[in-house]
Amino acid sequence: MNAYIYDKLIFEISKAGRKGYTLPPNDVPFRHVEDLIPEKYLRRTPAQLPETSENEVVRHYVNISTKNHHIDKGFYPLGSCTMKYNPKVNETTSSMPGFRNTHPHTPEQFSQGALELMYELAGMLTEISGMKATSLQPAAGAQGELTGLLMIRAYHDKQGKPRKKIIVPDSAHGTNPASVTFAGYESVNVKSNKNGTVDHDDLAKVIDEDVAGLMLTNPNTLGIFEKQIVKIEKMIRDVGALLYMDGANLNALLGITRPGDMGIDCVHINLHKTFSTPHGGGGPGSGPVAVSHRLEPFLPVPRVVKENDHYRFNFDYPDSIGKVHTFYGNFGMLVRAYTYIRMHGPDGLRGISENAIINANYLLARLRDYFDLEFDSPVMHEFVLSGSRQKAMGVRTMDIAKRLLDYGFHAPTIYFPLIVKEALMIEPTETETKETLDAFADAMIQINEEIKTNKDIVLKAPHTTPVKRLDDVKAAKEINVCFKE
Ligand SMILES: *Cc1c(COP(=O)(O)O)cnc(C)c1O
């Protein structure tokens with residue numbers, strides 16, 4: 001590649017007078033900007049915009065896009081994140097003019113299609129989760145957690161018995177205790193037992209009438225199903241508390257079992273994980289919450305209701321916690337998730353989870369002789385290896401993760417969950433072929449060999465990426481000076 005041209009900033013490529021666009025003819029009466037915007041808001045110097053031809057812009061961004069790893073470029077086994085392939089048909093449907101050009105202020109009678117889609121999607125998520133009702137508003141899983149906790153708070157307030165604590169297992173995602181604190185509760189830790197599930201004796205010790213609820217991830221972040229969920233639910237009910245499920249791992253359960261059948265009161269669903277909408281840089285997230293009859297009165301408003309084949313927003317829920325997002329959530333993501341669910345249908349959805357589970361277990365079977373496994377229980381859609389054996393040879397999990405980049409793979413999630421030493425959390429998802437899984441397993445095994453024969457190559461990795469080892473903390477704080485010597 002010609003680094004001289006393609007490593008430049010777009011501002012360095014810029015040449016005055018070059019143009020990559022033409023505007024359509026004006027179809028409204030011409031007005032001078034000075035007549036429309038008060039003088040004090042007008043800029044005095046022209047905006048500093050780069051001027052380039054169309055092909056320069058296209059090449060610039062295509063080249064940048066290949067410097068990062070992304071799901072359209074390669075395998076992305078980032079545990080807990082469900083980095084499945086995002087089908088392109090989702091983009092086709094979400095860019096249909098009727099959806100794309102709808103303004104959030106469009107009157108209800110002119111946005112019936114959009115409302116119908118929201119109504120149906122909420123219904124499908126309610127059915128998939130086995131709950132009573134769903135709000136599509138939260139913008140991410142973490143915001144779904146906060147929404148759920150605020151509803152739990154409203155529930156106890158309504159009973160006239162406000163409470164103080166939420167129990168969170170030690171294997172939970174960091175967002176769980178963070179959301180608990182955000183919602184004004186105290187987060188109480190409960191330990192995992194040797195099978196990697198909730199320790200009931202420890203749970204019995206921390207449970208009392210001050211507990212508002214328990215946040216459980218199922219399957220948990222070790223990829224292990226909480227088999228004693230019914231017993232846990234009973235313990236929670238006995239003190240009048242509620243059960244929240246972190247549904248980030250729903251990709252393991254579709255059509256197989258439902259949170260509602262496990263006695264859950266609230267579950268968030270990450271559309272950017274289970275339902276194939278883009279993650280992070282690909283667009284905004286979406287974290288709908290589904291609730292049981294206990295929490296239904298407290299759902300955010302507005303809710304879309306159907307009356308005589310007409311859809312409308314209903315704000316009339318006196319116990320609602322209110323709005324948690326501007327307008328109605330990230331609508332474009334709702335169209336993508338709706339498309340994905342309708343494309344698969346009930347049997348297809350079950351097939352997704354079955355294949356996600358098969359893929360994870362296949363990879364685990366290929367890797368288990370080479371790495372340690374601290375919790376050796378049957379896994380669902382992901383598993384967590386430990387790099388302790390490699391650490392004893394002087395190579396940390398961080399080094400293994402960096403070396404994987406040289407083989408063209410995104411690294412797994414590392415150092416999470418916290419209860420596994422030198423953790424490598426691997427989630428292949430159902431969208432990968434056996435050939436891809438084998439190539440990844442081969443790379444992991446090869447790296448394990450390198451640790452014995454050529455340790456330096458692992459310790460100094462990555463060697464093939466546009467930038468080498470970054471100072472991870474500094475990189476987040478000082479964008480420009482983040483390279484280690
Ligand atoms: C991803 C994830 C979250 C947070 O969801 P976001 O959509 O990233 O906010 C919470 N819990 C678990 C287990 C997760 O994997």
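The values are calculated or read from the model by the stated rules, or taken from the named source; none is laboratory data. Not measured: the values here are computed from a predicted model. A quick note on method: Cβ atoms are made from the backbone with ideal geometry, for glycine too, and the neighbour counts reach across all protein chains shown. Just the protein is used for accessible areas: all its heavy atoms, side chains included, with ligands, DNA and RNA removed. Shrake-Rupley method; radii C 1.70, N 1.55, O 1.52, S 1.80 Å.
Right, Ala114: away from the ligand (no atom under 16 Å from the Cβ) and at pLDDT 95 or above or not? Quick ask: steps written out before the conclusion?
On the way: away from the ligand (no atom under 16 Å from the Cβ): yes; at pLDDT 95 or above: yes.
The answer is yes for Ala114.
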_Based on this model, can you work out whether Arg294 counts as closer than 19 Å to Ile166 by Cβ, touching a helix residue (DSSP H, G or I) at 6+ places or on another chain (Cβ under 8 Å) and touching a residue at least 40 places away in the same chain (Cβ under 8 Å)?_
yes
*Failed item, numbered, when Ala392 is tested on (1) open to solvent by 10 Å² or more (accessible area, probe 1.4 Å); (2) in contact (Cβ under 8 Å) with a residue 40 or more places away in the chain*: (2)
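Give Lys231, Lys273 a once-over and let me know the one that is touching a helix residue (DSSP H, G or I) at 6+ places or on another chain (Cβ under 9 Å), open to solvent by 10 Å² or more (accessible area, probe 1.4 Å) and closer than 30 Å to Lys73 by Cα.
Working: Lys231 fails: closer than 30 Å to Lys73 by Cα.
Result: Lys273 is the single residue among Lys231, Lys273 that is touching a helix residue (DSSP H, G or I) at 6+ places or on another chain (Cβ under 9 Å), open to solvent by 10 Å² or more (accessible area, probe 1.4 Å) and closer than 30 Å to Lys73 by Cα.
Restricting to the stretch 398-429, name every residue that is among the basic types (Lys, Arg) and either at pLDDT below 95 or assigned to a loop (DSSP other than H, G, I, E, B) (or both).
Just the residues of the stretch 398-429 that are among the basic types (Lys, Arg), to begin with: 402-403, 421.
Across the stretch 398-429, the qualifying residue is only Lys421.
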_If I filter the stretch 13-25 for residues that are without any contact (Cβ under 8 Å) to a residue 12 or more places away in the chain, open to solvent by 50 Å² or more (accessible area, probe 1.4 Å), over 27 Å from Ile269 (Cα atoms) and part of a helix (DSSP H, G or I), do I get at least one hit?_
no
*asked:* Condition (residue is touching a residue at least 24 places away in the same chain (Cβ under 8 Å), more than 14 Å from the ligand (Cβ to nearest atom) and either hydrophobic (A, V, I, L, M, F, W, C) or not assigned by TED's automatic domain parsing to the domain that holds Val335 (or both)) applied to the stretch 176-186: is it met by at least one residue?
replied: yes
*Tell me, please, whether a residue that is at negative phi, touching a Gly at 6+ places or on another chain (Cβ under 9 Å) and within 16 Å of the ligand (Cβ to nearest atom) can be found in the stretch 188-195.*
no
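Out of curiosity, is Leu216 under 19 Å from Ala142 (Cβ atoms) and open to solvent by less than 10 Å² (accessible area, probe 1.4 Å)? Give the steps one after another, and end with the answer.
Working: under 19 Å from Ala142 (Cβ atoms): yes; open to solvent by less than 10 Å² (accessible area, probe 1.4 Å): yes.
Here the answer is yes, as Leu216 does meet what is asked.
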*Residue ranges of helices (runs of 4 or more DSSP H) in the stretch 90-160 with at least 1 members open to solvent by less than 20 Å² (accessible area, probe 1.4 Å)*: 112-129, 141-158
*Somewhere in the stretch 235-257, is a residue over 30 Å from Asp72 (Cα atoms), open to solvent by less than 40 Å² (accessible area, probe 1.4 Å) and among the acidic types (Asp, Glu)?*
no
